[in-house]
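One structure is given below, encoded as structure tokens.
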Amino acid sequence: MSRIDLLLGQMTLTEKLGQLTMTAEGAAVTGPVSAAADLSEEIRRGAVGSMLNLYGAEHVRQRQRLAAEQSRLRIPLLVGLDILHGHRTLFPMPLAEACLFDPHAWELTAREAAREAARDGVAMTFAPMLDVSRDPRWGRGVEGPGEDPLVAMRFARAKVRGFQGTDQGTEQGTDQGTDLSGADTIGAVAKHLCGYGAVTAGREYASVDISERTLLEVHLPAFAAAVQAGVVAIMPAFIDLAGVPMTANASLLRGRLRGRLGFEGTIISDYNSIGELVQHGVAADLSEAAALALQAGVDIDMMAGAYLHGLPAALQRGAVGMELIDAAVRRVLRLKERLGLFEDPYRHCRSPEEPAALAHRRRLARQVASRAIVMLTNRADTLPLSPATRRLAVLGPLADASGEMRGPWWSAAGEQDCVTVLAGLRTALPGAQLLHVRGVPIEGTDDAGLAAALEVCGGADAILLCLGEAALMSGEAASRARLDLPGEQRRFAEAVLGRARALGKRVIVVLFAGRPLVVPWLAEQADALLAAWFLGSEAGNAVADVLIGRTSPSGRTAVTWARDAGQVPIYYAQRRGGRPADANDHYSSRYIDVPVQPLFPFGHGLGYARFTLSELQVSPAAVRPGDDIEARVTVVNEGARTAQETVFLFTHDRLASVARPTLELQDWARIELRAGERGTVVLRVAAEQLRFLGADLEPVFEAGELEILVGPCADRTRLLAASVRLIGS
Ligand code: GLC
């Protein structure tokens with residue numbers, strides 16, 4: 001008889017429900033965080049099986065001892081934490097990392113985060129966040145991979161492999177994978193299933209009402225990729241999808257996720273989301289909510305105390321059967337077994353790493369951060385800064401703001417742990433005089449520092465403006481209806497820009513934000529504009545590396561930048577419609593007051609070199625299912641220095657049984673070329689990848705002509721075009 005069968009046969013109802021209960025310190029298990037409650041007794045009596053928001057080897061060891069040594073059945077605790085972009089060493093926020101278009105880098109940073117967390121008491125991370133987002137009003141886009149489903153799929157696979165060690169999945173699903181008990185691995189939780197990024201009006205936690213096609217084509221693929229990569233757990237989103245809360249959505253959780261995708265892992269509710277089924281209006285009380293969630297397939301109740309306190313009554317009244325509870329307990333015990341917690345409950349409670357490991361991690365953080373920066377504009381080659389720069393005005397509320405460089409979800413990183421822009425520049429330009437004035441705060445009306453900032457412009461060789469959002473103006477519960485710079489920053493920036501113009505000096509703007517801010521006026525007036533998102537521990541060094549030209553910026557935006565908030569939601573993969581946008585046709589799909597084009601398209605990003613693409617060759621001319629399409633394009637670096645170019649391959653199926661988006665990303669590749677060097681980029685698309693959902697929402701491979709478009713971003717005017725003929729199966 002297996003360990004799990006043995007345990008199950010001995011467990012009382014409380015001990016079973018305890019394994020389905022995840023809570024946090026200071027939160028009585030009777031519900032969300034309430035009066036400070038010491039959990040020791042609940043852990044000892046087996047009423048708590050998992051904890052979140054807990055880390056630190058000694059701290060976790062104390063709690064683990066209560067479960068693994070003092071509880072009746074000695075079932076170890078599972079400890080989870082939101083490690084989205086690093087634990088003590090922070091990498092760039094996921095949206096920033098997506099701008100590398102580099103799955104290997106995505107995997108490396110997850111690996112390093114796992115190494116740090118796995119010795120700090122943490123066995124599982126509530127990451128990767130895989131919500132595709134096309135609405136910058138929503139604050140959580142910064143936590144995810146951007147607007148494109150293919151990027152999200154590759155991001156999902158890379159992050160699951162990084163956190164969990166290797167590709168745990170097999171065709172059947174997650175449970176055939178090898179164990180996860182490696183010293184440096186942690187379990188990954190793909191979140192938040194599904195469609196959360198499409199909340200109504202970008203308003204956090206609001207209802208989501210999208211077509212099933214959009215759900216299946218845009219929002220679900222990344223989760224399918226995570227399941228294929230062997231992710232051990234999935235977290236449903238807070239939201240209701242067309243009226244059915246995800247936490248009670250049996251059709252998606254049991255039908256689609258476990259049934260069609262073969263997911264055999266654990267489903268963990270979001271924070272109190274079972275309790276919130278009452279707020280949604282689909283459960284009269286906690287007991288009904290618990291029954292709905294269990295029936296839908298949710299295994300672990302995070303923070304609601306609904307299973308522990310609600311399921312006994314549901315059992316009593318026959319709303320659920322013990323077999324459902326046992327099945328959920330089995331999955332949780334299996335997860336703990338795979339994480340090696342039964343073999344060694346203290347496996348994640350280890351001594352800190354040697355300094356060399358930390359130094360390596362910081363170097364990686366710096367390299368990834370510098371590659372996440374997207375240079376949006378660079379008029380007259382303002383950047384890189386001249387080596388003769390002796391006096392640099394460093395202005396703005398984000399110039400010396402270590403805590404803000406973390407971005408949201410900073411796990412164990414401290415307020416002073418990140419290198420600021422000012423500090424990075426001091427290191428990079430030891431001979432230069434840095435004239436630092438904050439000028440205005442990130443938000444609020446205080447403009448007392450404006451005069452002093454204008455004052456220092458006079459004596460500077462160049463002016464650097466560090467503007468943007470605070471770390472917590474994006475992430476959870478941070479939707480914004482206005483997408484410009486917060487506070488008085490715009491007035492401050494325009495005053496500095498005006499003074500600089502009068503003085504004939506150039507202004508470089510570094511924008512820190514968790515979303516593509518709507519700043520056409522800034523793009524228009526600045527001499528150079530860099531999107532730095534939130535870059536983590538090495539932010540300041542990475543920005544300095546790009547500003548002084550040690551690194552050529554290579555980031556490419558993974559989200560479209562709107563020219564006006566009224567264009568939102570805005571994204572490149574849209575269908576033509578019956579009256580495609582035509583500036584010369586009044587009766588076409590456009591606005592009468594704003595252009596339809598974005599400020600910057602998906603994939604946009606400049607570097608310190610100029611690349612030309614030519615000689616696109618696509619083969620074979622006739623493509624059958626099972627074939628691979630290969631596109632080769634010549635790339636020349638016509639610039640004066642080594643730099644990286646990212647080349648995208650889109651398709652457009654002009655005539656199909658269902659109208660298709662005018663551009664669909666199918667592959668991308670990066671190439672590094674020295675000044676004057678010529679190279680060839682090869683991009684491949686398996687014909688199978690060209691299946692799309694027919695009118696019946698089932699995958700179909702249709703014969704006909706397919707456009708192949710290759711180039712630097714989702715701007716059709718900049719793409720080389722060819723076509724192939726798909727031959728039906
Ligand atoms: C939060 C978030 C989720 C996170 C969880 C635990 O409310 O929605 O992303 O993993 O609670 O912190």
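Residues in the range 70-100 that are in contact with a Gly (Cβ under 8 Å, 6 or more places away or on another chain) and in a loop (DSSP other than H, G, I, E, B): S71, R72, L73, I75, L77, H85, T89, F91, P92, M93, C99, L100.
Being within 16 Å of the ligand (Cβ to nearest atom) and either at pLDDT 95 or above or assigned to a helix (DSSP H, G or I) (or both) holds for only one residue in V60, V122, V151, and it is V122.
The residues in the range 193-217 that are within 15 Å of the ligand (Cβ to nearest atom) and of a type in the set (V, I, T) can be counted, and the count is 2. Contact annotation: no residue pair with Cβ atoms under 7 Å, 6 or more positions apart or on different chains, pairs a residue in the range 298-309 that is modelled with pLDDT under 95 with a partner that is of a type in the set (K, R) and away from the ligand (no atom under 12 Å from the Cβ). The set of residues in the range 204-249 being buried (at least 18 other Cβ atoms within 10 Å of the Cβ) and small (G, A, S) consists of A222, A224, A225, A226, A229, G230, A233, A237, A248.
Of all residues in the range 184-218, those satisfying the criterion of being within 18 Å of the chain's Cα centre (by Cα) and part of a strand (DSSP E or B) are G187, A188, V189, A190, K191, H192, L193. For the range 38-57, which residues satisfy the criterion of being in a loop (DSSP other than H, G, I, E, B) and not polar (S, T, N, Q)? If the condition is that a residue be in a loop (DSSP other than H, G, I, E, B) and not polar (S, T, N, Q), then D38, L39, R45, G46, A47, V48, G49, L54, Y55, G56 are the ones that fit.
The condition of being at pLDDT below 95, of a type outside the set (S, T, Y) and surrounded by fewer than 19 Cβ atoms within 10 Å (Cβ to Cβ) holds for only one of A448, A477, that being A448.
Look through the range 700-729, keep the residues that are in contact with a Leu (Cβ under 6 Å, 6 or more places away or on another chain), assigned to a strand (DSSP E or B) and not small (G, A, S), and return whichever of them is nearest to E645 (Cα to Cα). Reasoning before the result, please.
Taking the range 700-729 and keeping what is in contact with a Leu (Cβ under 6 Å, 6 or more places away or on another chain), we get 703-704, 706, 709-711, 714, 719-722, 724, 726.
Pick out the ones that are also assigned to a strand (DSSP E or B) and you get 704, 706, 709-711, 720-722, 724, 726.
Cutting the leftovers down to not small (G, A, S) gives us 706, 709-710, 720, 724, 726.
Numbers: L706: 25, L709: 16, V710: 13, L720: 15, V724: 25, L726: 30 Å.
Per the stated criteria, the residue is V710.
For the residues G46, G26, G18, the requirement of being modelled with pLDDT of 95 or more and at positive phi singles out G46. Looking across the range 200-222, just one residue is of a type in the set (V, I, T) and within 21 Å of I268 (Cα to Cα), and that is V208. Of all residues in the range 597-622, those being surrounded by fewer than 18 Cβ atoms within 10 Å (Cβ to Cβ) and over 27 Å from the mean Cα position of the chain (by Cα) number 9.
Check D135, D148, D131 and return the single one that is within 27 Å of E469 (Cβ to Cβ) and surrounded by fewer than 24 Cβ atoms within 10 Å (Cβ to Cβ). Let's see the steps before the verdict.
Working: D148 fails: surrounded by fewer than 24 Cβ atoms within 10 Å (Cβ to Cβ); D131 fails: surrounded by fewer than 24 Cβ atoms within 10 Å (Cβ to Cβ).
So the residue among D135, D148, D131 that is within 27 Å of E469 (Cβ to Cβ) and surrounded by fewer than 24 Cβ atoms within 10 Å (Cβ to Cβ) is D135.
Please enumerate the residues belonging to the range 462-478 that are under 15 Å from the mean Cα position of the chain (by Cα) and either within 21 Å of A526 (Cβ to Cβ) or among the charged types (D, E, K, R) (or both). E476 - this is the single residue of the range 462-478 that is under 15 Å from the mean Cα position of the chain (by Cα) and either within 21 Å of A526 (Cβ to Cβ) or among the charged types (D, E, K, R) (or both). Sub-7 Å Cβ pairs linking a first residue in the range 577-589 that is charged (D, E, K, R) to a second residue that is surrounded by 12 or more Cβ atoms within 10 Å (Cβ to Cβ), at least 6 apart or interchain, are R579/S588; R579/S589; D582/S588, ordered by first then second residue.
Yes/no matrix, rows are residues, columns are (1) within 13 Å of the ligand (Cβ to nearest atom); (2) hydroxyl-bearing (S, T, Y):
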{"position": "K191", "(1), (2)": "yes, no"}
{"position": "L220", "(1), (2)": "no, no"}
{"position": "A224", "(1), (2)": "no, no"}
{"position": "L241", "(1), (2)": "no, no"}
{"position": "L257", "(1), (2)": "no, no"}
{"position": "Y271", "(1), (2)": "yes, yes"}
{"position": "L286", "(1), (2)": "no, no"}
{"position": "Q295", "(1), (2)": "no, no"}
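Of all residues in the range 316-346, exactly one satisfies the criterion of being farther than 25 Å from F263 by Cα and buried (at least 19 other Cβ atoms within 10 Å of the Cβ), namely P345.
For the range 386-439, the candidate set comprises residues that are closer than 27 Å to L497 by Cα and of a type in the set (D, E); within that set, the residue that is surrounded by the fewest Cβ atoms within 10 Å (Cβ to Cβ) is D400.
Give the residue that is farthest from the ligand (Cβ to nearest atom), with candidates limited to residues of the range 101-111 that are in a helix (DSSP H, G or I) and surrounded by fewer than 24 Cβ atoms within 10 Å (Cβ to Cβ). The extreme case among them is H104. For the range 298-334, a residue qualifies if it is in contact with a strand residue (DSSP E or B) (Cβ under 9 Å, 6 or more places away or on another chain), under 21 Å from V79 (Cα atoms) and more than 16 Å from the ligand (Cβ to nearest atom), and the qualifying residues are Y307, L308, A328, R331, V332, R334.
Quick check, is A290 within 15 Å of the ligand (Cβ to nearest atom), of a type outside the set (S, T, Y) and buried (at least 24 other Cβ atoms within 10 Å of the Cβ)? Considered against the rule, which asks whether it is within 15 Å of the ligand (Cβ to nearest atom), of a type outside the set (S, T, Y) and buried (at least 24 other Cβ atoms within 10 Å of the Cβ), A290 comes out as no.
Report the residue count in the range 623-643 for those that are within 30 Å of R550 (Cβ to Cβ) and surrounded by 22 or more Cβ atoms within 10 Å (Cβ to Cβ).
Pass one, the range 623-643, residues within 30 Å of R550 (Cβ to Cβ): 633-643.
If we keep only those that are surrounded by 22 or more Cβ atoms within 10 Å (Cβ to Cβ) as well, we get 633, 637, 643.
Of the residues in that region, 3 qualify.
What residue, of R134, R115, is away from the ligand (no atom under 16 Å from the Cβ) and more than 14 Å from the chain's Cα centre (by Cα)? Exactly one residue qualifies, and that residue is R115.
Within the range 78-93, how many residues turn out to be crowded, with 24+ Cβ neighbours inside 10 Å and more than 16 Å from the ligand (Cβ to nearest atom)? Adding up the residues that qualify gives 4. A count restricted to the range 137-148 and to residues that are in a loop (DSSP other than H, G, I, E, B) and within 16 Å of the ligand (Cβ to nearest atom) stands at 3.
Which residues, counting only those in the range 226-237, are within 15 Å of the ligand (Cβ to nearest atom) and either assigned to a helix (DSSP H, G or I) or among the hydroxyl-bearing types (S, T, Y) (or both)? Working first, answer last.
Step one: of the range 226-237, the residues within 15 Å of the ligand (Cβ to nearest atom) are 226, 231-237.
Hit for the range 226-237 is A226, nothing else.
Inspect all residues belonging to the range 537-560 and state whether any of them is at pLDDT 95 or above, of a type in the set (G, A, S) and more than 29 Å from P430 (Cα to Cα). Even if it seems obvious, please write down each step before you answer.
Of the residues in the range 537-560, the ones at pLDDT 95 or above are 537-560.
Now drop any that are not of a type in the set (G, A, S), which leaves 537, 539-540, 542, 544, 549, 552, 554-555, 558.
In the following step, the residues that additionally are more than 29 Å from P430 (Cα to Cα) were identified as 558.
Looking through the range 537-560, at least one residue is at pLDDT 95 or above, of a type in the set (G, A, S) and more than 29 Å from P430 (Cα to Cα).
Scanning the range 178-189 for residues that are away from the ligand (no atom under 16 Å from the Cβ) and of a type in the set (V, I, T), we see that the one that is modelled with the lowest pLDDT is T178.
The values are calculated or read from the model by the stated rules, or taken from the named source; none is laboratory data. Computed from a prediction, not measured in an experiment: that's the story for all the values here. Cβ coordinates were reconstructed from backbone atoms using ideal geometry, including for glycine residues, and neighbour counts include every protein chain displayed.
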